[in-house]
Amino acid sequence: MPIHPGDVLAGYRVIQLLGRGGMGEIWSAADANGRRQVAIKVLLPRAAHKPQLVRRFEREAQAVASIDSPYVCKLISCEKSESGAHLLVFEKLDGESLGQRLKREQYLPFAEVGPIVDDVLQGLCAAHAAGVVHRDLKPANVFLEWTRDPQRPERAKILDFGISKLTRPEEGGRREPTLTDLDATLGSFAYMAPEQVHGSARADARADIYAVGALAFRALAGRLPFEGTSAGMILALKVDRDAPSLADVTGDRWPAGLERFLGKALQRPRDARFASAREALEAWRQIQPAALSRRAPAAGQASLADEVSTETDVDEGSQTEVSGSRWDVQVAAPPGGRGAQ
């Protein structure tokens, strides 16, 4: 049954549609007195008829509920409507996704990317400790929340664990069976690790580290490490070639520590990457510029909210022209380059 503003779902009155994807919709809603707003993810009827998609929806609830982190969007409850619709009730966030920001600005200074990646890695530390591998990290699934705290005006939160993988055995020692066939490729081609090309069931926590490297590369350079005219071309490049450096794609000089971090995060063999999100976080913090910036929302800027994201970001792989300064003015660069470390 279609949902409309004014309908009541899980005890909340629906306000407006926030986003729609291949499997579901997200609606903003409020409690009876209007004091608490939430975001309700609804599994679309055509998806609800497929048992595997229902199990994946339930798996998302199980995964998010197991993670306790201020850097992961919080699940409030898992419900069923009177009509039988499957619902996930999340905290409602004000801000914008990293994907929206990059579409508007193309690339960001290192001093701004630093805190965003730090927050994402903290969220991954908590997720991996809970036995959850995200498998679909990309700018659309990183939300930049406006906190209304002048000391920390913005915080990044990980969204959408819809194709996550649970790695922790259930009680009794039995490992939960995967919902992904070995030959099924899930995740967004532009950010997935090379091993996911051959099947997402093989992905472990190091696939998420690769995605963080690709996300940071995209935010800094204004383009992805691998680009092409089709998803197939991008996947072939990932499997066959080492990732380029920032200097290779921008023509600028970058801090050596930053280049080393991205080079390790984007290694094709997963054994050559950082062994854990904690190790990657510690390495990331060692290379940060002295003055980091967390953006405050512009006056009068409208609040945005969580997006349903189930489509592949093939458009992220299209060729883009890169121009302008990528290096924050707060970091001194030696003569002839953008900075070295």
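The values are calculated or read from the model by the stated rules, or taken from the named source; none is laboratory data. In this text, all values refer to a predicted model and were calculated from it rather than measured experimentally. Every residue, glycine as well, gets a Cβ built from its backbone with ideal geometry; the counts of neighbours run over all protein chains shown.
Provide a single number: the residues in segment 228-250 that are farther than 16 Å from Gly213 by Cα and touching a Leu at 6+ places or on another chain (Cβ under 7 Å).
The total comes to 1.
Residues checked against (1) buried (at least 19 other Cβ atoms within 10 Å of the Cβ); (2) of a type in the set (Gly, Ala, Ser); (3) without any contact (Cβ under 8 Å) to a residue 40 or more places away in the chain:
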site: Asp31; (1), (2), (3): no, no, yes
site: Leu44; (1), (2), (3): no, no, yes
site: Lys50; (1), (2), (3): no, no, yes
site: Leu53; (1), (2), (3): yes, no, yes
site: Arg56; (1), (2), (3): yes, no, no
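For Ile67, are the conditions met, namely being touching a residue at least 24 places away in the same chain (Cβ under 8 Å), buried (at least 21 other Cβ atoms within 10 Å of the Cβ), of a type in the set (A, V, I, L, M, F, W, C) and assigned to a loop (DSSP other than H, G, I, E, B)?
Numbers: touching a residue at least 24 places away in the same chain (Cβ under 8 Å): yes; buried (at least 21 other Cβ atoms within 10 Å of the Cβ): yes; of a type in the set (A, V, I, L, M, F, W, C): yes; assigned to a loop (DSSP other than H, G, I, E, B): yes.
Yes; evaluated as a whole, the condition is true for this residue.
Please pick out the residue among Arg268, Arg253, Arg278, Arg202 that is touching a residue at least 60 places away in the same chain (Cβ under 8 Å) and closer than 16 Å to His134 by Cα.
None of the other options fit; the residue is Arg278.
Has segment 258-273 got at least one residue that is at pLDDT below 95, closer than 20 Å to Lys138 by Cβ and not in a helix (DSSP H, G or I)?
The answer is yes; a qualifying residue exists.
Taking segment 147-164, which residues are surrounded by 20 or more Cβ atoms within 10 Å (Cβ to Cβ) and assigned to a loop (DSSP other than H, G, I, E, B)?
Of everything in segment 147-164, those that are surrounded by 20 or more Cβ atoms within 10 Å (Cβ to Cβ) and assigned to a loop (DSSP other than H, G, I, E, B) turn out to be Leu159, Asp160, Phe161, Gly162, Ile163, Ser164.
Given (1) within 27 Å of Leu124 (Cβ to Cβ); (2) without any contact (Cβ under 8 Å) to a residue 40 or more places away in the chain; (3) not polar (S, T, N, Q), identify the lone condition not met by Val14.
(1)
Please work out which one of (1) modelled with pLDDT of 85 or more; (2) within 21 Å of the chain's Cα centre (by Cα) is the condition Leu237 fails and give its number.
(2)
Cys73 fails exactly one of the following numbered conditions: (1) in contact with a Leu (Cβ under 9 Å, 6 or more places away or on another chain); (2) assigned by TED's automatic domain parsing to the domain that holds Ala127; (3) not small (Gly, Ala, Ser). What is the number of that condition?
In the conditions (1) in contact with a Leu (Cβ under 9 Å, 6 or more places away or on another chain); (2) assigned by TED's automatic domain parsing to the domain that holds Ala127; (3) not small (Gly, Ala, Ser), Cys73 misses (2) alone.
Under the condition of being acidic (Asp, Glu) and assigned to a helix (DSSP H, G or I), which residue from segment 184-211 is surrounded by the most Cβ atoms within 10 Å (Cβ to Cβ)? Give the derivation first.
Step one: filter segment 184-211 for residues acidic (Asp, Glu), giving 195, 204, 208.
Next cut, assigned to a helix (DSSP H, G or I) only: 195, 208.
Numbers: Glu195: 19, Asp208: 29.
The extreme case among them is Asp208.
Looking at this structure, is Ala214 part of a helix (DSSP H, G or I), in contact with a strand residue (DSSP E or B) (Cβ under 8 Å, 6 or more places away or on another chain) and either of a type outside the set (Ser, Thr, Tyr) or modelled with pLDDT of 95 or more (or both)?
Against the criterion (part of a helix (DSSP H, G or I), in contact with a strand residue (DSSP E or B) (Cβ under 8 Å, 6 or more places away or on another chain) and either of a type outside the set (Ser, Thr, Tyr) or modelled with pLDDT of 95 or more (or both)), Ala214 does not qualify.
Which one is modelled with the highest pLDDT, of the residues in segment 79-124 that are surrounded by fewer than 21 Cβ atoms within 10 Å (Cβ to Cβ) and among the polar types (S, T, N, Q)?
Step by step, filter segment 79-124, then rank; the result is Gln122.
Condition first: closer than 27 Å to Ala30 by Cβ and in a loop (DSSP other than H, G, I, E, B). Can you find one or more residues in segment 93-110 that meet it?
Within segment 93-110, one or more residues are closer than 27 Å to Ala30 by Cβ and in a loop (DSSP other than H, G, I, E, B).
In segment 26-69, which residue that is of a type in the set (S, T, N, Q) and either out of contact with any Lys or Arg (no Cβ under 9 Å at 6 or more places or on another chain) or at pLDDT below 90 (or both) is farthest from Gly131 (Cα to Cα)?
Asn33
Being closer than 26 Å to Ala216 by Cα, hydrophobic (A, V, I, L, M, F, W, C), touching a Gly at 6+ places or on another chain (Cβ under 7 Å) and at pLDDT 95 or above is the requirement here; does Val72 meet it? Give the steps one after another, and end with the answer.
Values: closer than 26 Å to Ala216 by Cα: yes; hydrophobic (A, V, I, L, M, F, W, C): yes; touching a Gly at 6+ places or on another chain (Cβ under 7 Å): yes; at pLDDT 95 or above: yes.
In short, yes.
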